[in-house]
Amino acid sequence: RLAEGGDLQAWLHTPAAGKGVAMARPDTPAGVEVVGDAHVMLSIAEECGLRQVLSGAFGEEAGDALVGLAIHQAAEGRPLYLAGDWLSERALPEGMRGRKVSVAEVYGLMTRVGSDHGGRELFFREWIRRSGAAGALLCDTTSISTYSENLERAEWGHNRDGDDLPQVNISLAATADGLPLWFRMIPGSIPDVSTLRVSAELLRDLGMGAVAYSLDRGFHSAANVRDLLDAGDGFVVGIPMSLKKARELVKSKRAALASPKRSFSLNGRVMRHAKAAWDIQMPDKTSRCIEAHVFLDQARQADRVGRFEQAVFALEDKAARETFETRAEAVGWLAGNARGMAGCFAVETRGGTVSVVRKPRAVASATAGMGY
């Protein structure tokens with residue numbers, strides 16, 4: 001059940017988890033070691049080979065300390081400086097709870113491992129080999145904003161969270177069933193798209209065969225798709241609904257997606273799916289036909305449309321309480337209050353009265369792609 005996404009912490013507190021494992025009560029007396037959570041995760045680390053691979057790459061002492069820190073992170077998800085005391089209460093090998101995970105040394109350990117480029121490459125190469133995976137799925141990058149002044153790769157770039165901070169970007173490769181294989185930290189100023197080809201080459205150099213890409217719509221452009229097709233690697237990339245071709249495709253599949261025959265269940269949500277052809281014009285003027293997939297989440301659609309229309313009604317009511325002397329004054333009010341929804345309203349002058357009114361067709365157009 002854990003392998004299928006179960007909650008480790010919840011499982012550790014069930015009676016079934018105690019079979020063959022000495023579980024400790026929350027009020028464990030001082031000097032009594034906790035066995036349950038540590039035993040489970042140490043067994044996982046040894047059975048999958050993680051402990052052996054870390055020791056081979058960074059040495060037994062550092063490797064064991066890293067396993068101990070990983071166990072603490074998996075169980076607690078709290079800062080590393082808190083790991084030492086927590087690990088000291090667990091029934092683990094001494095190297096996993098010794099001085100290297102203490103407050104005085106834990107960040108020194110992480111600095112040494114972080115600067116050990118040869119050790120990290122050795123770890124990734126052996127971890128990929130041991131996984132036996134024939135291919136990897138290279139996921140799009142995620143960005144982490146930071147206040148730190150000591151991260152060399154923290155740079156100013158396009159901050160998707162809107163934070164006024166430098167950031168680092170991280171790219172992850174995993175097997176098709178989700179086992180993490182490799183990651184790469186990238187300076188925050190480098191655009192996502194430019195990292196793809198380099199990341200794939202680095203993975204192949206580490207011994208990975210086939211590489212496919214799982215990318216969000218921020219990666220999409222006609223040029224990027226052409227580059228991916230030229231490289232011959234598999235990919236899935238999201239298409240922004242702002243693209244006219246995407247809106248036309250959704251419109252063409254709306255009737256098909258109205259049928260329950262198109263339904264399937266995903267993580268407890270009912271989704272609908274339709275497949276279509278998508279033509280790409282290549283630089284040599286030839287055309288490549290690839291698959292497009294349109295999905296509809298009706299629950300999400302109803303929620304988003306409902307919230308959008310409620311916001312429109314609220315603005316309409318607010319405008320009705322205003323008195324506008326001129327048309328320009330009403331237009332200025334819309335710009336300051338409606339912002340992204342300004343296109344859903346019009347300014348009317350009737351009998352000398354200036355008012356802001358809703359445009360039903362514009363509202364329908366704005367919500368047409370929601371849930372798809």
> How large is ³J(HN,Hα), in whole Hz, for each residue of segment 117-129 in order, when computed from phi with the Karplus curve 6.51 cos²θ - 1.76 cosθ + 1.60 and θ = phi - 60°, using x for Gly and Pro?
Replying inline: 5, x, x, 5, 5, 4, 4, 4, 4, 6, 5, 5, 4
> When only the heavy atoms of the protein chains count and the probe is 1.4 Å, how do Ile44, Ile290 rank by accessible area, highest first?
Replying inline: Ile44, Ile290
> What is the distance in Å between the Cα centres of segment 269-348 and segment 208-230?
Replying inline: 27
> In a shell of Cβ-Cβ distance under 11 Å around Ala45, excluding Ala45 itself, what net charge do Lys and Arg (+1) and Asp and Glu (-1) give?
Replying inline: -2
> By the scheme Lys and Arg +1, Asp and Glu -1, what is the net charge of all other residues having a beta-carbon under 12 Å from that of Ser55?
Replying inline: -4
>> Within 10 Å of each candidate Cβ there may be at most 15 other Cβ atoms; applying that plus a DSSP loop requirement, which GluC sites (Glu not before Pro) in segment 75-110 survive?
In response: Glu105
> Where the accessible area of segment 299-363 is counted over protein heavy atoms with a 1.4 Å probe, how much of it, in %, is carbon and sulfur?
Replying inline: 49
> Placing +1 at every Lys and Arg Cβ and -1 at every Asp and Glu Cβ, with all other atoms neutral, what dipole size does segment 279-372 have around its Cα centre, in debye to the nearest 20?
Replying inline: 80
>> Can you compute the charge dipole magnitude of segment 72-191 about its Cα centre, using +1 on each Lys and Arg Cβ and -1 on each Asp and Glu Cβ, nothing else charged? Give it in debye, rounded to the nearest 20.
In response: 500
> Using θ = phi - 60° and the Karplus form 6.51 cos²θ - 1.76 cosθ + 1.60, what ³J(HN,Hα) does each residue of segment 355-360 get, whole Hz, x for Gly and Pro?
Replying inline: 9, 9, 10, 6, 10, x
>> List residues of segment 274-308, by number, whose backbone nitrogen lies under 15 Å from a label position 7 Å along Cα→C-beta of Arg339.
In response: 308
> Using modelled amide H (1.01 Å from N, peptide plane; none on Pro or chain starts), what sits under 5 Å from the amide H of Val354, excluding residues fewer than 5 places away?
Replying inline: Phe324
> Can you pull the percent of segment 199-290's accessible area that's carbon plus sulfur, 1.4 Å probe, other chains left in place?
Replying inline: 53
>> Can you give me the long-range amide H partners of Cys139? Hydrogens built in the peptide plane at 1.01 Å from N, cutoff under 5 Å, separation of 5 or more residues or another chain.
In response: Leu172, Ala173, Ala174, Ser214
> For the chain, with every protein chain kept in place, what is the accessible area per residue (1.4 Å probe, Å²)?
Replying inline: 59
> Are there trypsin sites (Lys or Arg not before Pro) in segment 311-362 that DSSP marks as loop and that have at most 10 other Cβ atoms within 10 Å, and which are they?
Replying inline: Arg321
> Counting Lys and Arg as +1 and Asp and Glu as -1, what is the net charge of the other residues whose Cβ lies under 12 Å from the Cβ of Lys251?
Replying inline: +4
> In segment 320-372, which GluC sites (Glu not before Pro) are in a loop and have at most 13 other Cβ atoms within 10 Å, using DSSP for the loop call?
Replying inline: Glu322, Glu325
> What is the calculated FRET efficiency for Arg262 to Thr175, with r their C-beta to C-beta distance and R₀ = 25 Å, to the nearest 0.05?
Replying inline: 0.30
>> Tell me which of Ser115, Ala173, Ala133 sits at the most positive position along the dipole axis of segment 109-180, charges placed on C-beta atoms (Lys, Arg +1; Asp, Glu -1).
In response: Ala133
>> For mean projected area of the Cα convex hull in nm², pick the label among [x] 20.4; [y] 27.2; [z] 19.2 that corresponds to the value derived from the coordinates.
In response: [y]
> Once every DSSP H run of n ≥ 4 in the chain is given -39500 (n - 2.57) and the sum is divided by its residues, what mean residue ellipticity at 222 nm do you get, rounded to the nearest 500 deg cm²/dmol?
Replying inline: -12000 deg cm²/dmol
> Over the chain, what is the mean sequence separation of C-alpha contacts under 8 Å (at least six apart), divided by residue count, expressed as relative contact order in percent?
Replying inline: 8
> Any number yet on Rg/Rh for segment 275-372, C-alpha, Kirkwood?
Replying inline: 1.22
> Under a straight-distance cross-link criterion of Cα-Cα below 18 Å, which lysines are reachable from Lys253, leaving out those fewer than 8 residues away in the same chain?
Replying inline: Lys244, Lys245, Lys261, Lys275
> Put +1 on the Cβ of each Lys and Arg and -1 on the Cβ of each Asp and Glu in the chain; which of Ala74, Phe324, Gly209 then has its Cα farthest toward the positive end of the dipole?
Replying inline: Phe324
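The values are calculated or read from the model by the stated rules, or taken from the named source; none is laboratory data. Note that the structure is predicted; figures quoted are calculated from it, not measured. Virtual Cβ from ideal backbone geometry, glycine too; neighbours counted across all protein chains shown. Surface areas here come from the heavy atoms of the whole protein model, side chains and all, with no ligands, DNA or RNA. Shrake-Rupley method; radii C 1.70, N 1.55, O 1.52, S 1.80 Å.
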